[in-house]
Each structure stands twice: as structure tokens, then as C-alpha cells.
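Here's the structure, in C-alpha cells; my notes come after.
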Amino acid sequence: MKNNKYNRFSVGKLSHKFLGDLIEHFVSDLGILDKRIIMGSKIGEDAAVIDIPGENYLVVKTDPITFTTNQIGYYVVNVNVNDIVCTGATPKWFQTTILLPEKGTNKKLIQSIFQDIHDTCRSLDIVVIGGHTEVTGGIKRPIIIGNLIGEVKKENLVNTSGAEPGDNLILTKGIFIEGTSIIAREKEDLLRKKGYKSEFIQKCKNYLFEPGISVYKEALLANQNFTIKAMHDPTEGGLACGVAEMAIASDTGIFINMENINILSEPKKLSQIFDLNPLGTISSGSLLIAIEREKDADKLINLLQKNEIYAVKIGEFQEKENGLQIKKENGKIETLYYSEKDEIAKIF
């Protein structure tokens, strides 16, 4: 595998091209090595699926928290939960590796991380079954990696790759939810220097809980009541990258309408302050749902809204040759550009 084209890296996920090359070279034969692997590594698929005796599959996920330190234990559980429930599975067992910097680490910090993990797992009926904690040289802030295992009935499994041309694409809540909380928590002093008041900063911080970074409720509601073709939660790279990952995984194109994408006032303001593209900013808390029939899409939106979850159709999947398209607010249809590198990295 040639690597001379990939000699410069910036903060964030690897490019889909390079990551795809790695997967193809090193792990494309997983299904041959072990027939029980139903889903392994693939662009856009955020969890592995393993066949076990009985009526269920095991679904396995790992994800780190690297951008934030405030309430990092809450973050690490929920970002892993999101990817598990996007497969239709119920999260069950959690492990974590906690890496702590030499400077600034004390008992209070460690206890608060453990408490956040404990409380969050308890609230979701998840059992913490193990992990590893250490003080690590060479890092400046805590880094936590979660590993979560869930179960799903075999007939209820949902893949990111399940969408087809003509399927409707629904977005819940809005975008730039997680990024709003991260910026307010990690860059509070900078916001104050720019003249923003405590009320605004606190509201942004609270995006962690309201609208919230968890998609647990809406993912299970959708999968328990409708035939869902695909689900995905847009994390690093924001909505644009999340939509692209669904299309890549499903081998389709996609068309979205910018006018229908909900950008709340606080994320909109932060986008202006820091010159960020809200479509490319980390968006845990948003859920992308592909559903086949228009009438089912309408029924799903109504169900979610009855459960106090804002939802709207933002587009539909199309033939692959049509590519990734976005209709701008001025009515012009353009190519939807995306980056695996999150916009929020500009200010960290």
C-alpha cells in the first residue's frame, strides 16, 4: 500500500480515501476469517455486528472523547450509546480506558469522571464491566475511550448502508448541538472576552442536555415502530459528513434541502463568532433516519414530535451518479461538500 500521498495529517478523522485503503488492505477479510462477523469495518458503519447462538446479534462499538474535558464521562457513554442504538440495538455492557495527563490530575478529577460514567450508565440500564485507568505522559488533557456492547434481535438490525434511491431522509432536533456545548465549556473565557453574557454561555453549555447529545430515545422509538432503512448520527464533520457517510455506505447519491435544516439560534451565533460552517461542525444529538415511504416518513415525524423531539424531512437518497447535492436557501442546487475534519478543530 503506497503511503506517500498521505504524509500530512491534521486534527480529526482520517480521510475516507485513506481509511478506506487501510480497511481494504488490513481488515477486508474479516468475514472470511470468522463467519460470525455480520458487519465489520466499513466507511459509514460505526459498529460491528457479531452473530451468536439464539435470536440476537451482538453489536460492538468503540469511540473516544478528545475535544472536551468537562463532563467527559457523560460524553463518552452517550457517544457510544448513539452508535449502538443507530443499529436498532439496546446498549448493555460498557468498558472504558481513561488516560489522564500528569499536570492537573487529582483524586477529585478522577472521582468526577467515574461518577459521570456511573450515573450515565445507570440511567440507561447499562452495566460497567471493566476498563483501564492511568496517568499518561505526553498528553495535555484527559482522553477517554469507550467500548460498548449491545444486543439486537436479528430481524431488527439496522445498518447505515441500508438506504436506497427514493428513501426519505429525516433529521431530528437540529445540527451543531454537541459543538455548541463543547465550545461554551472549553472556550468560556474567550466568549466572555468577546462580550457574551453568562446567560448565553450557560444556555450553550446546556446543549449537552437540552436539546441533548443523546439520540437514545428517538432511535429506539423509530426502530420499534417503523421499518427503518438506515440510521446514522453525525459526529465529527457534522451533518455534511454524516450525510456523505450514509450515501457512501449505501452506494447512493443524496439530495438535501438547506431550507429544512434546523440551526438553532445559539449554534448560529457561534458559527458567526468563530467563522464555522454549521454543516461541518460536530453534531452528536442529531439523528439521520432513512425511511422508504413518504407517508411513513410523515407518521414517524408526527410520532417523534408527540414525544417532544423535533423532526423534519431534509431530503432524499438518489441514484449514485447524481452525487451529493444540496439546494441552497437561494434555490440554487450545488454539490454538497464535506470534510472528515471537523470545523471545531479550528479553535482548538
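Just one residue in the set A345, A311 is of a type in the set (G, A, S), surrounded by 15 or more Cβ atoms within 10 Å (Cβ to Cβ) and at pLDDT 95 or above; that residue is A311.
Of all the numbered requirements in (1) on the phi < 0 side of the Ramachandran plot; (2) within 20 Å of the chain's Cα centre (by Cα), G238 misses one, and that requirement is (1).
Going through (1) more than 23 Å from E340 (Cβ to Cβ); (2) not in a strand (DSSP E or B) one by one, T96 falls short only on (2). The single condition among (1) touching an Asp or Glu at 6+ places or on another chain (Cβ under 8 Å); (2) among the acidic types (D, E); (3) more than 18 Å from L239 (Cβ to Cβ) that E259 does not meet is (3).
Here the stretch 216-268 is the region considered, the condition is being within 26 Å of N206 (Cα to Cα) and hydroxyl-bearing (S, T, Y), and the residue that is surrounded by the fewest Cβ atoms within 10 Å (Cβ to Cβ) is S265.
Test P53 against the stated conditions and say whether it is surrounded by fewer than 17 Cβ atoms within 10 Å (Cβ to Cβ), closer than 30 Å to E155 by Cβ and not acidic (D, E). The answer is yes for P53.
Screening the stretch 294-308 for residues that are touching a residue at least 40 places away in the same chain (Cβ under 8 Å) and surrounded by fewer than 15 Cβ atoms within 10 Å (Cβ to Cβ) and picking the one that is farthest from L336 (Cα to Cα) gives N307.
For K35, indicate whether it is at pLDDT 85 or above and either in contact with a His (Cβ under 8 Å, 6 or more places away or on another chain) or within 29 Å of T281 (Cβ to Cβ) (or both). So K35 does not fit the description; no. Considering only the stretch 191-211, I want to know if a residue exists there that is more than 22 Å from L100 (Cβ to Cβ), in contact with a helix residue (DSSP H, G or I) (Cβ under 7 Å, 6 or more places away or on another chain), at pLDDT below 95 and not β-branched (V, I, T). Yes, the stretch 191-211 contains a residue that is more than 22 Å from L100 (Cβ to Cβ), in contact with a helix residue (DSSP H, G or I) (Cβ under 7 Å, 6 or more places away or on another chain), at pLDDT below 95 and not β-branched (V, I, T).
Highlighted here are the strands (runs of 3 or more DSSP E) found entirely within the stretch 249-331 that include at least 2 residues which are closer than 23 Å to N82 by Cα and hydrophobic (A, V, I, L, M, F, W, C): 253-257, 288-291, 311-318. Can you confirm whether T69 is part of a loop (DSSP other than H, G, I, E, B), within 18 Å of A249 (Cβ to Cβ) and outside the structural domain of Y207 (by TED's automatic domain parsing)? When the stated conditions are applied, T69 does not pass them. Within the stretch 187-215, residues that are touching a residue at least 40 places away in the same chain (Cβ under 8 Å) and assigned by TED's automatic domain parsing to the domain that holds D233 reach partners that are surrounded by fewer than 18 Cβ atoms within 10 Å (Cβ to Cβ) and among the basic types (K, R) with beta carbons closer than 8 Å, at six or more positions or on different chains, in the pairs F200/K269.
The values are calculated or read from the model by the stated rules, or taken from the named source; none is laboratory data. Everything numeric in this text was worked out from a predicted model, so none of it was measured. Don't worry about glycine lacking a Cβ; one is built from the backbone with ideal geometry, like all the others, and counts go over all protein chains shown.
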